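Undergrad: Sharing a structure, written as structure tokens. Questions coming.
The values are calculated or read from the model by the stated rules, or taken from the named source; none is laboratory data. Computed from a predicted structure; not experimentally measured. Cβ placement follows ideal geometry from the backbone for every residue including glycine, while neighbour counts extend to all protein chains displayed.
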Amino acid sequence: MEKELGRLVIDDTEYSTEVPDNSLRPFKGFPDRNLITAFIPGGIVEVRVKVGDRVEPGTVLLLLEAMKMHNELSSETSGEVKAVHVKAGENVQKGQLLIEINQD
């Protein structure tokens, strides 16, 4: 039995491709913009907010060092810092919850 080929378009060029069974995962929805998580394992260099602080989109919340680079993690929403789960000097894992924000 022949498998049906999937259609893929990249830069206006159409490709036909076979998609192996069980290779696609169901979409679980977009991440919650009020929960700031580590996108990579690393170390917390500096936490720039505390519980109760007001934040706006673009407010730098903390610095995460990974692979000898400092990465600024910023708020995507307006609101108030609900919880800070890390402190400077801590090592964190990918996906670990760092800061929670109550959105306006």
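Undergrad: With respect to G29, is the statement that it is at pLDDT below 95 and farther than 14 Å from Q103 by Cβ true?
TA: Judged against the criteria, G29 is a match.
Undergrad: In addition: Which of the residues that make up the stretch 85-104 are farther than 15 Å from G43 by Cα, at pLDDT 95 or above and not charged (D, E, K, R)?
TA: Within the stretch 85-104, I101, N102 meet the criteria.
Undergrad: Right, something else. So S23 ticks every box in (1) of a type in the set (S, T, N, Q); (2) in contact with a Gly (Cβ under 8 Å, 6 or more places away or on another chain); (3) modelled with pLDDT under 95 but one. Which box is left unticked?
TA: Failing condition for S23: (2).
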